[in-house]
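Q: Structure provided below as structure tokens; questions to follow.
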Amino acid sequence: MNSTRRGLLTALPIVGAGVLGVGFWKMLQGMESGGFDPRAVKNPNVGRPIPQFAMPGLPGLGDGFTDKELRAETRPVLVNFFASWCIPCVQEMPGLRSISRNMPIWGIAYEDKPENASAFVQRDGTPYARVASDRHGRVAIDWGVTGVPESFLVAPGGRILWHGSAALDPQIYEAEIRPRLAGL
Amino acid sequence: MFGPEQGHFALALACVLALIQFVVPLWGAHKRNARLVALAPFLAVSQLLALAISFFSLIMCAVHDDFSVQNVAANSAASKPLLYKITGVWGNHEGSVLLWTLILGVCGAAVAAFGRNLPDILRGRVLAVLGGVSAGFQLFCLLTSNPFDRVFPAPMDGQGMNPLLQDPGLAFHPPILYTGYVGFAVPFAFAVAALLEGRVDAAWGRWVRPWAVAAWCFLTCGIALGSWWSYYVLGWGGYWFWDPVENASLIPWLTGTALVHSAIVVEKREGLKIWTVLLAIATFSFSLSGTFLVRSGILNSVHAFANDPARGVFILGLLALVIGGSLALFAWRAPSLTSGGLFSPVSREGSLVLNNILLCSICAVVVTGTMYPPFMQLLAGRTISVGKPFFDAATIPLTIPLLLAMGVGTALPWKRAQLARTFSHLFVAAIIAAVGLVLCFWKFSGALPIACGALAIWVMAASVTDILRRVGLGHSSMSEMLARSRNLPRSSWGAALAHIGAGITVLGLCGMSGAQHAIVEIHVGETRSLAGDDWTLLNVHDYAGPNYRAMQADIAIRHNGRLITTLHPEKRDFTTQNQTTTEVAIHTNFITDLYGVVGDRHGTGADATYVLRLHRNPLAPWMWLGGLVMAIGGAFSLSDRRLRVGAPKRAATRNMAQA
């Protein structure tokens, strides 16, 4: 083997490590700026109409809702899947209350006992305009929910515009949701 | 005496000592100043002492419930059992980084203590490299993950620990695994020192191998323990999920295994030198990057540490220095290393080259599968996941020739083998493997498990017959055979044992491919059958534990009416942490595991039904048992006297004469 070839071969590992290193650096930068989320879950329903459903309400919180009622809305609605047993959902509540001053949020209690979900929602004041109970998680499957909390932005007419799989807060609202409302 | 401030100070002191350990011996070696080089062992030992004080201080903070220390407040609680107060110290990010540096300190001190027969200059350089790595990680610990940070006002009680982590298996898993990861720092330091020196010879191969083998033993045990933990604690009935964190431990294991084998070729034939140096650098680099990728949150894993990109940037810089620096040195100096003689493809060294090619191919597959999702997301913006189907499909075809070669390799002599003679040596093993193939047809289903099972038997048979042939079975008297077996190098026994262990693990994996399970929802008193056994739910009762409430089920398992065992799986509800854990019940006879999990209760009173998960896992214990046998084999070869005494002395005097 001649020496140039040897030199090139022994330089290969550092080139490979360098490429990987630059990639990792980009990822870390993206994680800090929010552009790269390794835990992001792509929901295949984004851009599609909402699935059909009809769900009962929670005790003391009205009648629940159906896909027809959601489609009939004239304003965009944020649909939020939550559960009383879910810690991020508890942390999300103050954020949801502040978002609810700007737009209606419809809540769906996922795999939760109705009385627990009702008490949870009413504990510090409900952020939800309407609440329904998905007792056995069937509706969540149609929506492609992988866990709670997850949220969907639904345009008037019932098309899903955006999906988020993290606990919502005002920053996410400003960065992800509000720009999309402007386009409607 | 051992408070948080003392611990913090000791850590800072260790960091300063590590920096001196990095700079002074390198400078001394450069200037050929023997006195400066001779400082290195003292510095390594004093650095370890400072680190030990620091680590002990953190343990004392946890034991004495000093909740003014942020780390203790966040991860401990006054009501926690003492054992978990101690082991909980390394169950979180900050504490585990401190443990990591402590183990690195132990490695440095071990080189100082056991490396007395090394040439002084080489030992000085090795310790300097270890000191540099230590200093970097201690800085990381001090600047971004300080375990001694205080909170004011101090809370009355801590936030407690994840109940999943309150398990003896997990308590001792991290130290063993980290010793494996960090242990490969020593071969790495040897490689960098050799590149600095510009010389790799047979003696270098002999010095580096025991360190690589020791680290490999710990890593093997660590991986086996982790897999066992996920089997009996997580309650999914699985043992390996190709999760990024698991892959992060498998990747250095694969290159480390290749290193352990290629260093033999350096020692015996002065071949594969550049390659071995690269493997030593690569193994430690993979250990480091695995830790980094998990801590920074780039890899999406179930084993979540608190993610902090800022921390990630620091550690990425550190990795760039350590890995980039060593690889740059490699690119610069490796071409000047002279390589040894030519090999014949059919020889011991030829089979070791094949072993390296196959192990590194498997490693490349695992690296690709692990790195594909984040890079795909970065470059194409698509989220995808790479899972079990890819890894199984890509690694098993590479494992088959590896197993085949494992059997042949040990039967081949160095330099050049005569095929006919080798075949006659392997004849008995081949017959045993053929019988094994029939057995596998009978017991396993599916082409791959049958093929792998037969090959595992082949590996074990070839290892046993090779040892028997060497002690002269068949043409010697009993006393001659005993004498020969005593004279046989320990490393040969170790290799045979390790190969047998690998065979046992592969058989376990093949057995598990035939695992059966059922998820049933039944009333108390009902019976369901699974693979010929009848599982009856006898009773379910609730009871209160120290900090949880539990629902315990009694499940009787009968085979043809004869009671085999009664399992008592539990579901525990930790009210303060709002978390539920499942306590799996396992009955094993070392051939088959019967594995029961109790899930949700639906309905109330006599009408209530219970969700049960029932598993029948053939040969499951063999997977971890094999890992243990492999590690014992490695430990056995460490006790080989050639590794402890002999040639190195002469080299040492020659080196000092040059200085």
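The values are calculated or read from the model by the stated rules, or taken from the named source; none is laboratory data. None of the values given here were measured: they were computed from a predicted structure. For neighbour counting, all protein chains shown are included, and Cβ atoms are generated from backbone atoms with ideal geometry for every residue, glycine included. Side chains included, ligands, DNA and RNA excluded: accessible areas come from the protein's heavy atoms. Shrake-Rupley method; radii C 1.70, N 1.55, O 1.52, S 1.80 Å.
Q: Return a yes/no flag: does the stretch B:147-162 have any residue that is surrounded by 18 or more Cβ atoms within 10 Å (Cβ to Cβ), modelled with pLDDT of 90 or more and farther than 30 Å from residue B:32 by Cβ.
A: yes
Q: Would you mind stating whether residue B:62 is modelled with pLDDT under 95, more than 28 Å from the chain's Cα centre (by Cα) and open to solvent by less than 30 Å² (accessible area, probe 1.4 Å)?
A: No, not satisfied.
Q: Among the residues of the stretch B:95-111, which ones are open to solvent by 10 Å² or more (accessible area, probe 1.4 Å) and small (Gly, Ala, Ser)?
A: Within the stretch B:95-111, B:109, B:110 meet the criteria.
Q: Here is a follow-up. Restricting the stretch A:13-72 to residues that are among the acidic types (Asp, Glu) and assigned to a loop (DSSP other than H, G, I, E, B), which is modelled with the lowest pLDDT?
A: A:37
Q: Taking the stretch B:67-77, which residues are surrounded by 19 or more Cβ atoms within 10 Å (Cβ to Cβ), in a loop (DSSP other than H, G, I, E, B) and more than 28 Å from the chain's Cα centre (by Cα)?
A: Scanning the stretch B:67-77 gives B:67, B:77.
Q: Does the stretch B:176-198 contain any residue that is assigned to a loop (DSSP other than H, G, I, E, B) and of a type in the set (S, T, N, Q)?
A: no
Q: Also: Name every residue in the stretch B:529-583 that is buried (at least 18 other Cβ atoms within 10 Å of the Cβ), assigned to a loop (DSSP other than H, G, I, E, B) and at pLDDT below 90, in order of residue number.
A: Of everything in the stretch B:529-583, those that are buried (at least 18 other Cβ atoms within 10 Å of the Cβ), assigned to a loop (DSSP other than H, G, I, E, B) and at pLDDT below 90 turn out to be B:548, B:577.
Q: (1) hydroxyl-bearing (Ser, Thr, Tyr); (2) at pLDDT 90 or above; (3) over 25 Å from residue B:128 (Cβ atoms): which one isn't true of residue B:181, the others all being true?
A: Of (1) hydroxyl-bearing (Ser, Thr, Tyr); (2) at pLDDT 90 or above; (3) over 25 Å from residue B:128 (Cβ atoms), only one is false for residue B:181: (3).
Q: Can you name the strands (runs of 3 or more DSSP E) wholly within the stretch A:100-181 that have at least 3 residues being at pLDDT 90 or above and not polar (S, T, N, Q)?
A: A:105-110, A:130-134, A:150-154
Q: Hey, could you check the stretch A:63-107 for residues that are of a type in the set (A, V, I, L, M, F, W, C) and within 14 Å of chain B (Cβ to nearest Cβ) and say which is most open to solvent (accessible area, probe 1.4 Å)?
A: A:85
Q: Could you pull out the residue among B:320, B:282, B:364 that is facing chain A (nearest Cβ under 8 Å), modelled with pLDDT of 90 or more and surrounded by fewer than 21 Cβ atoms within 10 Å (Cβ to Cβ)?
A: Only one candidate qualifies: B:320.
Q: When you scan the stretch A:37-45, do you find a residue that is on the phi < 0 side of the Ramachandran plot, touching a residue at least 24 places away in the same chain (Cβ under 8 Å) and away from chain B (no Cβ under 14 Å), even just one?
A: Within the stretch A:37-45, one or more residues are on the phi < 0 side of the Ramachandran plot, touching a residue at least 24 places away in the same chain (Cβ under 8 Å) and away from chain B (no Cβ under 14 Å).
Q: Looking only at the stretch B:515-528, filter to residues that are assigned to a strand (DSSP E or B) and under 35 Å from the mean Cα position of the chain (by Cα); which one of those is nearest to residue B:620 (Cα to Cα)?
A: B:516
Q: Please work out which residue is nearest to residue B:258 (Cα to Cα), limiting yourself to the stretch B:367-384 and to residues that are within 13 Å of chain A (Cβ to nearest Cβ) and in contact (Cβ under 8 Å) with a residue 40 or more places away in the chain.
A: Result: B:367.
Q: What's the number of the condition residue B:454 fails, among (1) touching a Gly at 6+ places or on another chain (Cβ under 9 Å); (2) without any contact (Cβ under 8 Å) to a residue 40 or more places away in the chain; (3) open to solvent by 30 Å² or more (accessible area, probe 1.4 Å)?
A: Only one criterion is unmet by residue B:454, namely (3).
Q: Here is a follow-up. With B:237, B:290 as the choices, which residue is over 19 Å from residue B:633 (Cα atoms) and more than 14 Å from every other protein chain (Cβ to nearest Cβ)?
A: The match here is B:237.
Q: If you don't mind, another one. Residues of the stretch A:1-28 being more than 8 Å from chain B (Cβ to nearest Cβ), closer than 26 Å to residue B:316 by Cβ and either under 35 Å from the mean Cα position of the chain (by Cα) or among the β-branched types (Val, Ile, Thr) (or both), which ones?
A: Across the stretch A:1-28, the qualifying residues are A:15, A:19, A:22.
Q: Quick one: would you say residue B:332 is modelled with pLDDT of 85 or more, farther than 29 Å from residue B:244 by Cα, in the same structural domain as residue B:230 (by TED's automatic domain parsing) and aromatic (Phe, Trp, Tyr)?
A: Here the answer is yes, as residue B:332 does meet what is asked.
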